[in-house]
Amino acid sequence: MRVVIAEDSVLLREGLTRLLTDRGHQVVAGVGDGDALVKTVVELHEAGEAPDVVVADVRMPPTHTDEGVRAAVELRARFPELGVLVLSQYVEEQYATELLAGSTRGVGYLLKDRVADVREFVDAVARVAAGGTALDPEVVAQLLGRSRRQDVLAGLTPREREVLGLMAEGRTNSAIAARLVVSGGAVEKHVSNIFLKLGLAQSDADHRRVLAVLTYLNG
């Protein structure tokens, strides 16, 4: 993978770079603020050296509020094929929803604590770079637990809600089956029921897993 890292903490930025390069990936740039992130990605595209994925902190200079996620949203709009994974100290519902409001491809939102699990973090970056999703379990739990979603959630069984949460984390059916200690066929049935209850047509099969989650996030 070709990766651009946007993180104002030099120590964390260098740490992320080391994690990825030690596993054979190429970190083509490291920046410390949102404006520099957008400028760098644009320049790389113009030079014919487009990155596969951006890893960005939600909060960066100068105000340390939403510069990172704003830059991520802008980049997703300008370069739909670019994977974007944002890191946050804690769940920021507004930013997570905004990031997920556009295209359903190549997006991730992880809490920084998740970086401590090196394999899980690198797998998440690779999944987003390949066009998949990587949502932190705590992000999923908070977003799907909103009171205004209860009318929609009411149509799902407790097991279907559990399966949907694992789907949102980017897990495959086989991984879900292993996690819940059930058969693959049982998971497939739950997933089909979720799609049916959410009115997701088979014609959009490639992205129904993500659309199932976005139904909650954007409804």
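None of the figures in this text is laboratory data; all of them are computed from the coordinates on show. Note that the structure is predicted; figures quoted are calculated from it, not measured.
The convex hull of the Cα atoms of region 1-127, projected and averaged over all directions, covers 6.8 nm².
Straight-distance candidates among the aspartates and glutamates for linking to Lys112, with alpha-carbon spacing under 13 Å and chain neighbours fewer than 8 residues away dropped: Glu7, Asp57, Glu92, Glu120, Asp136, Glu138.
Bridgeable lysines around Lys189 (alpha carbons under 25 Å apart, same-chain partners fewer than 8 residues away excluded): Lys197. Computed over region 24-126, relative contact order equals 22 percent, with contacts defined as Cα pairs under 8 Å that lie 6+ residues apart.
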